[in-house]
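Every read-out reported here was derived from the displayed coordinates using simple, explicitly stated rules and does not represent laboratory data. Remember, predicted model here, so these are calculated numbers, not experimental data. No Cβ is skipped: glycine too gets one built from the backbone with ideal geometry, and neighbour counts run over all protein chains shown.
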Amino acid sequence: MRLRLDLAYDGSGYHGWARQPGLRTVQGELERGLTTVLRVDRAEVTVAGRTDTGVHARGQVAHVDVAEDALAAVVGRGTDAPVDALLRRLNGVLDADVRVRSVAPAPPGFDARFSAIWRRYVYRVADRVTLVDPLVRGHVLAWPRPLDEAVMAEASRELLGEHDFAAFCRKREGATTIRTLLDLTWARREDGPGAGTLEATVRADAFCHSMVRALVGCLLAVGDGRRPPEWAAEVLAGRRRDPAVTVAHAHGLTLEEVAYPADADLASRARTSRALRTLPPTTPA
């Protein structure tokens, strides 16, 4: 049977999501925990968004396929439901910087990666010395110059929609860099801890490698006046990695949420997501 896992983690101590020999990764630790608790030879996890080294997650989603008898055996002499017993025991063997928040049987057709309709990230920046809080230094970027969020918002609007984001991605063999950017907004937190911190909310149907951090790095240069607002659109139009764009540090970025369609549409969404995307041909002027 397939199980959906919702989890959160502090990415500071991990070399990203994907398992790598000899390195501590979120996938590696989660699979190690599942293997231990389920008493199986191997448990392989599929995730909604493969976060980079140092990137955090509050709303990550994954799935794992398990034999029903292995899941039932987790209960032992207890009276918990099997998924509740797995949740409790799994968090008991994982380190404190990663928590599985829920485990549930996945509906038919569910795929944590391909069934998702969008992912939402938030990048946090403290751009004034009065906003820099050493208690959250691992989650908020300290920026040395004031940022103009209105100018950054103006530049961001030109990036929305379906485009080839090759200028903001690390190209991978056989993978497309065409994505649909649904939201890219900048706003300051109004109250509570961190009031005044500048937050970029970035939502897209999917992201390619380092895309969010490259977008943020480009717009930081616009916000502090080193580049004009139209520069972001010019970089996008280039359709190739621009060395002038600095990829923002990983620690300011958090995966906040992954959304899925209604259960009846999960399988069809997964089929659509697996298809290689191309942009429609442009009409000559």
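Please work out the C-alpha center-to-center distance from segment 99-157 to segment 6-69 and express it in whole Å. Using only Cα atoms, the two centres lie 20 Å from each other.
Other residues lying with their Cβ under 9 Å from the Cβ of Arg277 contribute a combined charge of 0, Lys and Arg counting +1, Asp and Glu -1. By the Cβ distance rule of under 4.7 Å, the chain has these cysteines without a partner: Cys218.
Calculate for the chain the 222 nm mean residue ellipticity that helices alone would give, adding -39,500 (n - 2.57) per DSSP H run of length 4 or more and normalising by residue count, nearest 500 deg cm²/dmol. Could the numbers behind the result be given before it?
Values: 7 runs with 70 residues, N = 285.
My calculation for the chain gives -7000 deg cm²/dmol from helical runs alone.
Among the trypsin sites (Lys or Arg not before Pro) within segment 127-233, those in coil by DSSP and having at most 13 neighbouring Cβ atoms inside 10 Å are Arg137, Lys171, Arg172, Arg226. Taking segment 162-191 and a reference point 7 angstrom along Cα→Cβ of Leu279, the backbone N atoms nearer than 15 Å belong to 162-169, 176-181.
For Val75, the shell of other residues with beta-carbons less than 10 Å away shows a net charge of 0, using +1 for Lys and Arg and -1 for Asp and Glu. Put simply, the amide H of Tyr260, placed in the peptide plane, has neighbours under 5 Å in Ile117, leaving out anything fewer than 5 places away on its chain.
Counting only GluC sites (Glu not before Pro) that DSSP places in a loop and that have at most 14 other Cβ atoms within 10 Å, the longest clean stretch of the chain runs over 45-172.
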